[in-house]
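Participant: Please read through the structure below; I'll follow up with questions.
The values are calculated or read from the model by the stated rules, or taken from the named source; none is laboratory data. Note that this is a predicted model, so its numbers are computed, not measured. So basically every Cβ, Gly included, is an ideal-geometry build from the backbone, and we count neighbours across all protein chains shown. These area figures cover heavy atoms from the full protein model, side chains too; ligands, DNA and RNA do not enter into them. Shrake-Rupley method; radii C 1.70, N 1.55, O 1.52, S 1.80 Å.
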Amino acid sequence: MLKLCCTLVLLFCSAISSLSVETSNIGRVITPFSAPMAQGGDFSFENFPQAKAMAIVFTCNHCPFAELYIRRMNDFHREFAPLGIPLIAINPMDSLLYEDETFEEMKKKVIRDSIVFPYLQDHAQSIASMFNASHTPQTFVIQQVSGMWKIVYQGIIDDNGKFPELATPHLKNTAKAILSNLSIPKDVIASFGCKINYRSP
Amino acid sequence: MRTLISFCALFIAFMNGSAQTFNKLTIPDSLHGPNCTLRIADTFAQLRSGNQTITGAINGHTFWGPTVFVKKGDTIRMNVINALNDSTTLHWHGMHLPAVMDGGPHQVIPPGTIWKPYWKITNDAATYWYHPHLHEMTLEHVTKGVGGFLIVQDDQESALPLPRTYGIDDIPIMFTSRRYVANNQFAVQNTAYGDYLLANGVHDAEVTLPKQVIRLRILNAEIERSYNIGFSDNRTFYVIGTDGGLRDKPLAVNRLHIAVGERYEILIDCSNDELGKSFDLMAYNANQLFGFPGGEPAQNGQFGSLLNNKNFTMLHISIGERTTNPVITIPQTLIPFQPIDINSASSTQTIQVMGGAPNSPMPFHFMGGIFNINRIDKTIPMNSTQKWTITNSNVFGHTFHIHDVQFNIIARNGNASAVGQHEIGWKDVLYLPRNESATFIARFVDYADPLHPFMYHCHFSNHEDDGMMQQFVVVPPTEVSEDSIDFSSISIFPNPATESIMIDSRDIDLYYVSIQNVNGKTIMMLPQPEKGVPINVSALPKGFYSVRLTDMKTKQVIVRSFVK
Ligand SMILES: [Cu+2]
C-alpha cells in the first residue's frame, strides 16, 4: 500500500527544485557562452566585439513581473548597446514544465513585443547555473577585466515594476558608472519574481 | 470592478505612519457553484508605497481569491488551473469529501495543469475556506495570498432572520499579517509573524456598515498569531457560528479568541449607533499568558513583530445609512445542536506534541515522527466514532486541524467544563495552549480509501512545513480483494477527439485518470471521474495524448491514448 502511495505521489509531482538562498556572485568569472537566439541564429560574444560590458537579464515569457520590464530592456539596449553595453536576455525556464516557454513562444514574443535585444534560450539551464540565477527578472552586469568576463553587478533592473518613473534605475546607474570609469557598489540587491526551478540532476 | 476600485484606493491612499489614514476594505468577488473555475496565478499588488509586492491570487485578484458559494446537497465541480510558476495544491478546508479530492499534499498540481475534483456538499451552512497545502511550500504559497472563502448555504440557515447580503451586512474578512523585506517583498523565511495587518489583502482597512445588525465571518489566516478580538467601545457582540456550523443560540461576549485556521461568525448590533459614528474591531493581544501566539515581546526577529504583545486595530468601522429590509434584532435561537454521543466512541487516538524547544534537534512534530508522505500514521475504520486527545506538554501553543471531519470538543485537560462556551459546536481547528490537552469526538462515516490519506496537522503553516503533520486513512470494514482486473475492455472514444473524450470503463470503477501530453507532462488530473461524463479537451492543443487510468479496486494502472 505504501509503495502504491509513493507511486501516486511521484506521478503527481513534477521534479522541481530551486535555489532559495541568494549569495553574492560578484567577482565570479563567466565563461563566454553561446545559445540559440529567438531572433534566429546563435548568439555568441563575438556578436558584440566592441562590448566593454553586458547586461545579462534572466527573464521568461510567463512571469508577470518580468513582463513589466520588456520595454525598459528595449530602451536600455537602444541607449547602451551603441556605447558598448548591450543587453542580453536569457530564458532559463524549463520548456517541458511550462508550455509558454518553448522556443516557438519566444519567437512569437520577440515579434509581439518588438524586442530589439538578443533573447536566448538556455535550454540546459547551464548559463543560469553559471550565474547562480534564482529568479526572473534577475539582472547581472558582466565586465571585461584584463581579458576575463567578471560579474560586477547582481540585482534588479530597477526598484519599481509598474511605475518606472518612480524607480531608482540600478541597472542604468551601473552602466553609467562603467562608462565613466566609476566604481560600482558591491552590494547584492535581492532578486524576486518567478523562481527559476532547476531540473533535478 | 471592485478590485479595480480598491486598487486605485490603495494606490492613492498609500500606507504611511499615520493611524488616521485608512483604506477601503475589499470584498472578494463571489463565485456561485456548482461549477467553479479557479485559476491560481502569480501576480503583484500595490500594498504600500514603493515597489509592488509579488503575490499569488485567484481569478484576476491581486491577493486572495473569490468567495465560492455552494448549497448543501449540490455536487460541486471544481476546475482548478495552476498558472503559478510552482507546483501547488488547493485544499478545501473543513469540507467532508473523498481524500483524493481533498487537495492535501498528495494532490500536487504541476504548473500548467488542470485538477478537477468534485464532491457532494454534505457540510452544514458555515464559513469554510480553501488554500494551498503542498508540503514544505504551504507557508510560501499561503504567504503570497493564494486562498479564498467557501461559504456553504443550506435551508436551515436560509430560514433564519440573519443578515446575508454579501458585502453589505454579511462581510467575510480574512485577517493576516505580513513582514516586508527589501523592495516591499513578503518575508517568508524565519518569520512567524507579520508586522502589518491585512484585512482581505488591505492594510489599515476601513468599512462603512449600515445601521443595523451586521454579520462578520472572521477567518484567522495568520501564520501563528491569535487574535483576542473585541471592539474599541467594548460593546457586546454575539458568536453565532463556529468552523463548521451555526450555534444553537447566539453567545454574547466582549472578547473572543480566534486562533489560526479558525472561523467565527459574529453579529454586531449597530442598529442603535448614530450615523457617522466610528469604532474599531480590535485585537486585544497585550499581556497574554506566555505561549499565546503573538504575545512574545520582541519587535523583530523570527518570533518578534511590531504587532506582538499589543492591542491593535483590525478594522475601522463607520456607521452608514440603514439598508431596506435590515435585520435589527439579534435572533434568540439558531440551529439546534445535536452533539455526537460521547458514549458512541469506539476508541481513542492519542497525539502528543514533541520537539520544537530551543536547542531541540527536532522541529515541532507529533509523536511517531515528523511528516513522512509515505507513512500512514493512523488507520481509522469506516463507520467508527472516535475520540482524539492531543496533548501539548511543550513549549508553545499550536492549532490542531484535522481533514475529513467536523468534530465536537468534549474536554480540555480531561475536563468537560473547561471547554470554552464559544467553541461548543462544529469545529475543524482547535487551539491548544502549552501544557494543556484537548479531546474531541468525530465520526468517520464514509469515503473509505485505504490508499489516499487525510492529514492532521498544526495549522501554523511554518510548523506544518517543518513536519508537524501526520496522515490517516479511513478503511472499509471488509478487506478488499485485490484480484487482477481485465482492462482489455476499457476504451476511449472518439479517437481522434475534438471537443471531448469519453472513457468507456464498463463495470470497472476508476480511481484516478490523468492525461499526459507527448512530452510526458501531466496536463489534466481527474480524481474518480464520474462514469458517462465527457471530459472536455477542447482547450488542449492538437497532438498525441496518453491517458493513465487507475482502477479503484486494485489500483492497477493502464495507459490508453488518443489524438486530438
Ligand atoms: Cu504548531
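Participant: Between chains A and B, what is the buried accessible area summed over both chains (1.4 Å probe, protein heavy atoms, nearest 100 Å²)?
Facilitator: That pair of chains buries around 3200 Å² in total.
Participant: Do any residues of the range B:46-90 show a loss of at least 20 square angstrom of accessible area between the isolated chain and the full protein assembly, using a 1.4 Å probe, and if so which?
Facilitator: Residues passing the criterion (a loss of at least 20 Å², heavy atoms only) are B:ASN51, B:GLN52, B:ILE54, B:ASN85, B:ASP86, B:SER87.
Participant: I've got another one for you. Near B:PRO363, within a Cβ-to-Cβ distance under 13 Å, what is the net charge of the other residues, with Lys and Arg +1 and Asp and Glu -1? All intermediate terms of the calculation are to be shown ahead of the outcome.
Facilitator: Values: positive: none; negative: B:GLU136, B:GLU464, B:ASP465, B:ASP466.
Cβ neighbours under 13 Å give a net charge of -4.
Participant: Considering Cα pairs under 8 angstrom that are at least six residues apart, work out the relative contact order of chain A and quote it in whole percent.
Facilitator: Numbers: 362 pairs, mean separation 58.2, N = 201.
Relative contact order of chain A: 29 percent.
Participant: Find the relative contact order for chain B and round it to a whole percent, using C-alpha pairs within less than 8 Å whose residues are 6+ positions apart.
Facilitator: 12
Participant: Which entries of A:LYS109/A:LYS172; A:LYS107/B:LYS116; A:LYS172/B:LYS24; A:LYS108/A:LYS150; B:LYS277/B:LYS310 have Cα-Cα distances beyond 29 Å here?
Facilitator: Pairs exceeding 29 Å: A:LYS107/B:LYS116; A:LYS172/B:LYS24; A:LYS108/A:LYS150.
Participant: Cross-link candidates for B:LYS120: which lysines have Cα within less than 25 Å, leaving aside residues fewer than 8 places away along the same chain?
Facilitator: B:LYS71, B:LYS72, B:LYS427, B:LYS531, B:LYS553, B:LYS555
Participant: Any chance you could run the full-extension gain for B:ASN35 through B:SER489? It's 0.36 nm times the residue separation minus the Cα-Cα distance, nm to one decimal.
Facilitator: Length gained between B:ASN35 and B:SER489: 160.3 nm.
Participant: I would also like to ask the following. Rounded, prolate or oblate: which one fits the range B:246-294, using the alpha carbon gyration tensor with axes a ≥ b ≥ c (rounded when a/c is under 1.5, else prolate when a/b beats b/c, else oblate)?
Facilitator: In terms of gyration-tensor shape, oblate.
Participant: Less than 17 Å apart at the alpha-carbon level, and either on another chain or at least 8 residues along: which lysines does that give for B:LYS542?
Facilitator: B:LYS521, B:LYS564
Participant: Could you work out the local net charge near A:GLN125, counting Lys and Arg as +1, Asp and Glu as -1, over the other residues with Cβ closer than 11 Å to its Cβ?
Facilitator: Here the charged neighbours net out to -1.
Participant: Tell me the Kirkwood hydrodynamic radius of the range B:280-328 in angstroms, computed as one over the mean inverse distance between distinct C-alpha pairs.
Facilitator: Answer for the range B:280-328: a Kirkwood hydrodynamic radius of 13.0 Å.
Participant: Given DSSP loops and a limit of at most 15 other Cβ atoms within 10 Å, what is the longest stretch of chain B that contains no such GluC sites (Glu not before Pro)?
Facilitator: Working: sites that count: B:GLU136, B:GLU274, B:GLU321, B:GLU479, B:GLU482, B:GLU499, B:GLU530.
The reported range is B:322-478.
Participant: Taking Rh as the Kirkwood radius, which is the inverse of the mean 1/r over Cα pairs, what is the Rg/Rh value for the range B:342-475?
Facilitator: 0.95
Participant: Grab the alpha carbons of the range B:494-563, take their convex hull, and tell me the volume per residue in Å³. Display every interim value, and only then the final one.
Facilitator: Working: hull volume 5.6 nm³, N = 70.
Considering the Cα atoms of the range B:494-563, their hull volume per residue is 80 Å³.
Participant: Shape call for the protein assembly as shown from the C-alpha gyration tensor, a ≥ b ≥ c root eigenvalues: rounded (a/c under 1.5), prolate (a/b greater than b/c) or oblate?
Facilitator: oblate
Participant: Relative to the longest principal Cα axis of chain B, at what angle does helix B:2-12 sit, 0 to 90 degrees, rounded to 10?
Facilitator: 50
Participant: Please give the net charge around B:LYS211, taking every other residue with its beta carbon less than 11 angstrom from that of B:LYS211, where Lys and Arg add +1 and Asp and Glu add -1. Let's see the in-between values first.
Facilitator: On the way: positive: B:LYS277, B:ARG322; negative: B:ASP169, B:ASP269, B:ASP273, B:GLU274, B:GLU321.
Net charge in that neighbourhood comes out at -3.
Participant: Looking only at Cα atoms, what is the convex hull volume of chain B per residue, in Å³?
Facilitator: Spelled out: Cα convex hull of chain B, divided by residues, is 159 Å³.
Participant: Trypsin sites (Lys or Arg not before Pro) within the range B:307-392: which are DSSP loop residues with at most 16 other Cβ atoms inside 10 Å? Don't skip to the answer; put the middle values down first.
Facilitator: On the way: sites: B:LYS310, B:ARG322, B:ARG375, B:LYS378, B:LYS387; in loops: B:LYS310, B:ARG322, B:ARG375.
In loop regions of the range B:307-392 (DSSP not H, G, I, E or B), the sparsely surrounded trypsin sites (Lys or Arg not before Pro) are B:LYS310, B:ARG322, B:ARG375.
Participant: So, one more: In straight Cα distance, which lysines are under 16 Å from A:LYS176, not counting same-chain residues fewer than 8 positions off?
Facilitator: Within reach: A:LYS52, A:LYS186.
Participant: For the range B:267-344 and the range B:464-537, compute the distance between their C-alpha centroids and round to whole Å.
Facilitator: 44
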